[in-house]
Amino acid sequence: MTDAPLLELRDLRVSYRKRAGLGLRTTSFDAVKGATLTIRPGETLGLVGESGSGKSSIANTVLGLIAPAAGTMRFRGTDLAALKARYPSGLRKDIQAVFQDPFSSLNPAMTVEDIVTEPLRVHTNMTRAERRARAVDLLAMVSLSEEHLNRHPHQFSGGQRQRIAIASALALEPKLVVLDEPVSALDVSTQNQIINLLYDRRDALGIAYLLIAHDLALVHHISDRIAVMYLGHIVEEGPADRVYTAPAHPYTRALLDAVPDLDPAQQRARRARRRQLAPQGTQRHAETGCPYSNRCAQVMPRCRSDAPPAYAVPGGGTAHCFLLDPGANGAGHASDRKEPALP
Ligand SMILES: Nc1ncnc2c1ncn2[C@@H]1O[C@H](COP(=O)(O)OP(=O)(O)OP(=O)(O)O)[C@@H](O)[C@H]1O
Ligand SMILES: [Mg+2]
């Protein structure tokens with residue numbers, strides 16, 4: 001994995017216009033406030049963070065569905081940001097997507113054959129017979145068969161629909177597949193099957209994934225690196241094992257504490273507890289300083305005034321947190337907690 005980056009985001013900003021009041025006046029809201037990320041060929045980057053943190057905004061910008069407000073976005077050397085969300089066919093082929101909801105993402109009027117061969121029809125000169133033959137191979141790859149070709153999406157379960165979406169996304173052997181919560185709508189055992197399928201396909205085809213999820217435990221299995229988003233910021237990034245076993249940012253630690261229990265009753269109880277601990281209001285972005293400062297249990301005075309830069313984390317990666325400031329020597333942290341000085 002020492003190749004040149006496949007995808008490189010630098011200070012990417014994604015903005016939406018919001019209507020201010022009843023008039024025609026609009027204000028702009030930054031859903032992604034400067035994201036820097038790299039994905040190498042064949043690598044899986046897991047992008048996690050709670051709802052509204054900006055994960056899909058990054059995904060949709062990479063896919064060319066939204067034009068970025070600022071920053072650069074290079075894919076194999078091409079500046080995607082300069083294309084203003086209108087990708088030429090050659091590029092379109094190389095970046096594919098699978099979305100969360102297999103019930104709305106597949107056109108109900110199309111047959112499985114139409115769905116799986118659509119990218120081939122648009123981007124290749126293959127004949128109908130060639131496309132059909134390729135569709136059979138693609139279905140086999142996701143454990144479906146020829147007999148499914150003439151059926152419609154409503155005749156399949158959620159997991160099967162996601163297999164169809166994956167077959168379609170892989171039809172052109174893309175370099176990068178953006179997976180926006182590909183298993184969130186599925187039950188746990190189906191989730192594992194789909195994750196395993198993605199894992200196998202990646203290793204067989206050498207595809208890179210941008211894998212978006214809420215659940216750190218789930219992405220950890222398949223990701224080489226993990227990036228953690230909080231309210232439009234990437235607060236931590238690094239090798240998947242390091243981020244999962246030794247999270248450096250307090251927000252990443254909080255996310256890990258929120259890893260779902262396999263027991264549904266436990267899970268419901270924990271979720272209810274979390275809602276009490278972190279009502280929506282406290283999710284608001286801190287006005288100045290670290291975006292997590294108004295929720296952080298280890299907040300220090302400087303966190304409220306200064307934005308923490310990226311500090312290197314032992315074991316790899318970076319985190320935007322003053323607790324890692326080598327210059328502070330841990331002193332600021334200790335004195336904030338009023339720990340007694342050693343004799
Ligand atoms: N089309 C839009 N217009 C205005 N605001 C939007 C739009 N899409 C997203 N947002 C806002 O941008 C922020 C980031 O949304 P985004 O969908 O990227 O988050 P997310 O991390 O994917 O969340 P989830 O986990 O719920 O999918 C949110 O505050 C959201 O309300
Ligand atoms: Mg999303």
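The values are calculated or read from the model by the stated rules, or taken from the named source; none is laboratory data. Because the structure is a prediction, the values reported are computed rather than measured. Here Cβ is always computed from backbone atoms with ideal geometry, including for glycine, and neighbour counts include all displayed protein chains. Keep in mind that these areas ignore ligands, DNA and RNA; they rest on the heavy atoms of the full protein, side chains included. Shrake-Rupley method; radii C 1.70, N 1.55, O 1.52, S 1.80 Å.
Using a probe radius of 1.4 angstrom, the carbon and sulfur fraction of the accessible surface of region 7-285 is 49%.
Tell me the angle of helix 158-170 to the major Cα principal axis of the chain, expressed in degrees between 0 and 90 and rounded to the nearest ten. Approximately 80 degrees, to the nearest ten. Relative to the current alpha-carbon distance between ALA20 and ALA246, full extension at 0.36 nm per residue lengthens the span by 77.1 nm.
Look at the Cα gyration tensor of the chain: its axes a ≥ b ≥ c give a/c of at least 1.5 with a/b over b/c, and that counts as prolate.
Residues whose amide H comes within less than 5 Å of that of ARG13, counting only those at least five positions distant or on another chain, are GLY34, ALA35, ALA69, ALA70, GLY71 (H built at 1.01 Å from N in the peptide plane). Shown for the chain: lysine pairs separated by 8 or more places, or found on different chains, whose C-alpha atoms are under 27 Å apart, numbering 12.
Accessible area of HIS214 (1.4 Å probe, protein heavy atoms only, ligands and nucleic acids ignored): about 90 Å². Placing dummy labels 7 Å off each Cα toward the beta-carbon, the span from MET110 to ARG86 is 2.3 nm.
Comparing LEU6, GLY23, GLN298 along the charge dipole axis of the chain, the residue lying farthest to the positive side is GLY23, per the Cβ-charge model. Counting only protein chain heavy atoms and rolling a 1.4 Å probe, the accessible areas of THR124, THR288, THR117 rank, largest first, as THR288, THR124, THR117.
How far is helix 264-277 tilted, in degrees, relative to the longest principal axis of the Cα atoms in the chain, given as a value from 0 to 90 rounded to the nearest 10? Once rounded, one gets 50 degrees. The figure for LYS93 is an accessible area of roughly 70 square angstrom, using a 1.4 Å probe on the protein chains alone.
Dipole check for region 7-285: with +1 at the C-beta of Lys and Arg, -1 at the C-beta of Asp and Glu, and the Cα centre as origin, the magnitude is about 1100 Debye.
Here the simple spin-label model places points 7 Å from the Cα toward Cβ, and for ARG10 and HIS123 these points are separated by 2.6 nm. Heavy-atom accessible area, probed at 1.4 angstrom with all protein chains present, ranks ASP200, ASP257, ASP215 as ASP257, ASP200, ASP215, highest first. Once you reduce region 1-40 and region 153-198 to the center of their Cα atoms, the two points are 26 Å from each other.
Rolled with a 1.4 Å probe across the full set of protein chains, the surface gives ASP203 an accessible area near 100 Å². Taken about its Cα centre, region 40-146 carries a charge dipole of roughly 460 debye when the Cβ of each Lys and Arg holds +1 and the Cβ of each Asp and Glu holds -1. The rule of thumb for compact globular proteins, 2.2 N^0.38 Å, goes into the C-alpha radius of gyration of region 1-115 1.22 times. Each Cα pair under 8 Å and six or more residues apart adds its sequence gap; the mean of these over the residue count of region 7-285 is a relative contact order of 23 percent. Solvent exposure of region 1-128 amounts to 50 Å² per residue of accessible area, where only protein heavy atoms count and the probe is 1.4 Å.
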